[in-house]
Amino acid sequence: MTDKTISIIANGYLGSRLATKLNQQKNRVKVSFRANTPKEPISDVEYLPLNIENGQLSGDLTLFDAEVVVICIPPGFKSGLAESYPANISAIVNEAQKHKVRHIIFTSSIGIYTKSQKMMSLVRLTKAN
């Protein structure tokens, strides 16, 4: 193991593949899950519950005890979660800053557009202090 702890918020398509690669590189990897732990968990990866709803976090916030937090949450247009997306991302960033996370990386597996196809104004993500 290296001395880097990397937390991944969301264990979907992108998050699970990133966890696999980072684990292979001998990093300490923590991954959030909402309802159920993965059917095929990766050996040596910590899975911690985290729920995000309407800008509120609940679950195991030790997930944010990391040097790097990677946010891999898509906007959720299909599931009707797009309206709370900016507040949810902001809540994650704020919690990461409280925990003095050194680097916050935001990524998404799909584009983030409103129905009018204008870019949605999210939240300005900056490197945490």
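Identify all residues within segment 37-63 that are among the acidic types (D, E) and under 12 Å from the mean Cα position of the chain (by Cα); write none if there are none.
First pass over segment 37-63, keeping only residues among the acidic types (D, E): 40, 44, 46, 53, 60.
Across segment 37-63, there are no qualifying residues.
Tally the residues that are farther than 19 Å from P74 by Cα, under 16 Å from the mean Cα position of the chain (by Cα) and not in a strand (DSSP E or B), restricting the search to segment 24-36.
Number of matching residues: 0.
Taking G15 and the conditions (1) at pLDDT below 95; (2) surrounded by fewer than 18 Cβ atoms within 10 Å (Cβ to Cβ), which numbered condition does it fall short on, given that it satisfies the others?
(2)
Per-residue answers, yes or no, for (1) modelled with pLDDT under 95; (2) among the polar types (S, T, N, Q); (3) over 12 Å from the mean Cα position of the chain (by Cα):
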| position | (1), (2), (3) |
| --- | --- |
| S84 | yes, yes, yes |
| A91 | no, no, no |
| N94 | no, yes, yes |
| T107 | yes, yes, no |
| T114 | yes, yes, yes |
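Filter segment 42-76 down to residues that are farther than 15 Å from I6 by Cα, modelled with pLDDT under 95 and surrounded by 15 or more Cβ atoms within 10 Å (Cβ to Cβ), then give me how many there are.
5
Could you say which residue among I73, I8 is of a type in the set (V, I, T) and part of a loop (DSSP other than H, G, I, E, B)? Outline the logic, then answer.
Numbers: I8 fails: part of a loop (DSSP other than H, G, I, E, B).
From the options I73, I8, the qualifying one is I73.
The values are calculated or read from the model by the stated rules, or taken from the named source; none is laboratory data. Being a predicted model, the structure only gives us computed values, none of them experimental. Virtual Cβ from ideal backbone geometry, glycine too; neighbours counted across all protein chains shown.
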